[in-house]
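Notes to accompany the following structure.
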Amino acid sequence: MTAALVAGLLAGYGVAVPVGAIAAYLVALTARTSLKVGASAALGVATADGVYALVAALGGAALAHVVQPFMLPLRWASAFVLIGLAVRTGVTAVSRYRGRRMTTRTGEAPLSASRAYIGLLGITMMNPVTVIYFAALVVTGQATAASGYGERAVFVLAAFAASASWQLLLAGGGALLGRSLTGGRGRLVTALASSALVGALAVHLLVSAP
């Protein structure tokens, strides 16, 4: 059980800690909305990581063969989703700033916690980095070293808990950032910086595709 717990924690932090497009979007989203929305989005990311950890623990080596044919479509789909997010974030921020509606947000329904959860869950499920990571765990045997269902359950729960703790830490950082950027111009700069970073990482996914 201890070995499965350690393996799960290492797997969860291993996929969560590297800061990429999803992490940058999570921080910026929390800064523009609220800690509640950001925390829900963070749990969406962690849920996706937990699902992949479960598949890795139960699927065996066959998972790598199943995933491989879909790697290129997943890479392209993830890139275009991220580009869409980048464009939407930038355009919305500029529009609000020009209309001086950065704080009131009149005429627009605020992002709900449930929508944030579902949105980040879907984006992370399509993220090829997450797919490749857990497929590698299967190939190397790190996710299936434990033969018992109890040990595999511990591995999955530990991976989820590790990912959730890191994502919630990012959301907390975004909430603190949002408090320091209460003005319209500060929020505009934050949104545009996030949009540029997410867009650049999405383009990198397209360029590096085989």
Query - Flag if VAL37 is farther than 17 Å from LEU177 by Cβ and either hydrophobic (A, V, I, L, M, F, W, C) or not in a helix (DSSP H, G or I) (or both) - result: no
Requested in this report: Return only the number of the condition from (1) at pLDDT below 75; (2) touching a helix residue (DSSP H, G or I) at 6+ places or on another chain (Cβ under 7 Å); (3) surrounded by 17 or more Cβ atoms within 10 Å (Cβ to Cβ) that ARG96 does not satisfy.
Outcome: (2)
Query - Failed condition for THR103, given (1) in a helix (DSSP H, G or I); (2) more than 15 Å from the chain's Cα centre (by Cα); (3) modelled with pLDDT under 75 - result: (1)
Query raised in the report: Within the stretch 6-39, can you find the residues that are under 20 Å from LEU157 (Cα atoms) and surrounded by 24 or more Cβ atoms within 10 Å (Cβ to Cβ)?
Result: GLY8, ALA11, GLY12, VAL15, ALA16
Requested in this report: Collect the residues in the stretch 157-201 that are among the small types (Gly, Ala, Ser), under 18 Å from the mean Cα position of the chain (by Cα) and at pLDDT below 70, keeping them in residue-number order.
Outcome: ALA191, SER194
Query raised in the report: With ALA31, ALA64, ALA79 as the choices, which residue is in a helix (DSSP H, G or I) and either modelled with pLDDT of 75 or more or touching a Cys at 6+ places or on another chain (Cβ under 7 Å) (or both)?
Result: ALA31
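The values are calculated or read from the model by the stated rules, or taken from the named source; none is laboratory data. The model shown is predicted, which means the values in this text are computed figures rather than measured ones. Here Cβ is always computed from backbone atoms with ideal geometry, including for glycine, and neighbour counts include all displayed protein chains.
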